[in-house]
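Asker: Please find one structure pasted underneath; my questions will follow.
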Amino acid sequence: MAVRRSQVYRDPVVDGRTLRERPLARIGRSLSGLLVSRGEREEAQIGAAITAAATLTRANTIAVVSPKGGVGKTTCTFVLGNLLASHLKLRVLAVDANRDFGTLALLTPDRLRVEKTIPDLLADMARVHSASELRPYVSALPSGLHLLAAPAHAEVMAQMTPGVYGELHALLSCYYDVIVLDLGTGIIDPLAQFGLSRADHKLLIATPEYVTAAKVIDSLRHIGAEAADRDRERAAEVTMVLNRAPAGRSGGAREIEQAFRGIGVGGHVVVPYDEQLRVMLDSATYSLEALPRATRMAIKALGLAAAGRLV
């Protein structure tokens, strides 16, 4: 029997918190939001920089990859897609290209999620000639982000070859400004290689553990950024993301961040671990502006890294 979200979250969830929370705590957060701070000014500046950075001449593709699983590729795909759609008013599509039971579409509220998936669109491609005809195959979020779901059965997804994805990508590029590919675990997988070959920009995701970060840094040679000193343009195509970093960047996280700085890629972004964000995503109640400022700033920095490399 399938598990329903309403069975897991029996109380209403608003901004990543259940409504059983004490009223005084909510009032306290509301009052603190009235205070003007340097953080607010910095956040306004990064918001302005995001808006000023984007100049599109054609459809762009962003590939989100990692040699390790469980590092937050889907989370980064989702929050980045939402930001580009909401802040830049771009037509943005996030595609679940994970071969192994991708979960991107599950981040959509149940009432907004469509039943159709990638194979349905592939079967009907010859009949899709407009954005409105494409609409039944994608889930549309309030931010403006559209999501295209992977099939529910892994054996069906296994049949999705790079050639098939090439046809799909060509179709989607006619109707979207930005396509964000949530690729599965691995760098040398044929589907990951397809995504990297089509990408104008690549997000390489790691978490603050030595084993994961070491593998991610080593994987740079497979995505063409290892020769940063000789090929600055190619290195600039990659942004490294240290996801779920602990508060204070203590211990290993700080050392890993320093290693990121020394690699010579286009940039790096540190996204802190945030329990409220985790609940928002799991309960399909994501709201960027309701997150703590540190998390909002990190997500906006991720958006700026991507927006600044749109072509």
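Asker: Cut-off under 20 Å on the C-alpha distance; same-chain residues fewer than 8 positions from LYS89 excluded. Which lysines are left, in chain and number order?
Answerer: Correct list for LYS89: LYS300.
Asker: Here's a follow-up. Using a Förster radius of 30 Å, what is the FRET efficiency between ASP100 and ALA53 based on their Cβ-Cβ separation? Nearest 0.05, please.
Answerer: 0.30
Asker: Once every DSSP H run of n ≥ 4 in the chain is given -39500 (n - 2.57) and the sum is divided by its residues, what mean residue ellipticity at 222 nm do you get, rounded to the nearest 500 deg cm²/dmol?
Answerer: -11500 deg cm²/dmol
Asker: On to the next question. Rank by packing, highest mean first: peptides 265-274, 121-130, with packing defined as the count of other Cβ atoms within 10 Å averaged across residues.
Answerer: Ranked from most to least packed, the peptides come out as 265-274, 121-130.
Asker: Sticking with this one: Among the lysines, which have Cα under 20 Å from the Cα of LYS215 when same-chain residues fewer than 8 positions away are ignored?
Answerer: LYS68, LYS73, LYS202
Asker: Enter the per residue convex hull volume of the stretch 32-143, computed from alpha-carbon coordinates, in Å³ rounded to the nearest integer.
Answerer: 175
Asker: Which residues in the stretch 169-190 place their backbone N less than 17 Å from a point set 7 Å from the Cα of SER130 along the Cα-to-Cβ direction?
Answerer: Under cut-off, by backbone N: 174-176.
Asker: Want the number for GLU43 to SER6: 0.36 nm per residue separation, take away the alpha-carbon distance, what's left?
Answerer: Additional length available on full extension: 9.9 nm.
Asker: When all C-alpha to C-alpha distances in the stretch 109-148 are sorted into bins of 5 Å, what percent of pairs does each bin hold, rounded to whole numbers?
Answerer: With a bin width of 5 Å, the distribution comes to 5, 24, 33, 23, 11, 4.
Asker: In vacuum, with every alpha carbon of the chain counted as one equal point scatterer, what does the Debye formula give for log10 I(q)/I(0) at q = 0.12, 0.14 Å⁻¹? Two decimals, please.
Answerer: Here the Debye-derived log intensity ratios amount to -0.82, -1.12.
Asker: So for the chain, taking the charge dipole from beta-carbon charges (+1 Lys/Arg, -1 Asp/Glu), which of LEU122, HIS87, GLN45 sits furthest toward the positive end?
Answerer: It is GLN45.
Asker: How high is the FRET efficiency from ASP218 to SER287, r the C-beta distance, R0 35 Å, rounded to 0.05?
Answerer: FRET efficiency, ASP218 to SER287: 0.45.
Asker: Tell me, rounded to the nearest percent, the portion of alpha carbon pairs in the stretch 75-120 spaced more than 17 Å apart.
Answerer: So the portion of pairs separated by more than 17 Å is 40 percent.
Asker: Taking Cα pairs under 8 Å and at least six residues apart, what relative contact order does the chain come out at, in percent?
Answerer: 27
Asker: Specify which residue in the list PRO142, ALA301, LEU242 is farthest towards the positive end of the charge dipole of the stretch 56-307, using unit charges on the beta carbon of Lys, Arg (+1) and Asp, Glu (-1), about the Cα centre.
Answerer: With unit charges placed on the Cβ atoms, the residue in question is ALA301.
All of the numbers you see were taken from the coordinates with simple rules; none came from a lab. Please read all numbers here as calculations on a predicted model, not as lab measurements. Please note: Cβ atoms are built from the backbone with ideal geometry, for glycine as well, and neighbour counts cover all protein chains shown.
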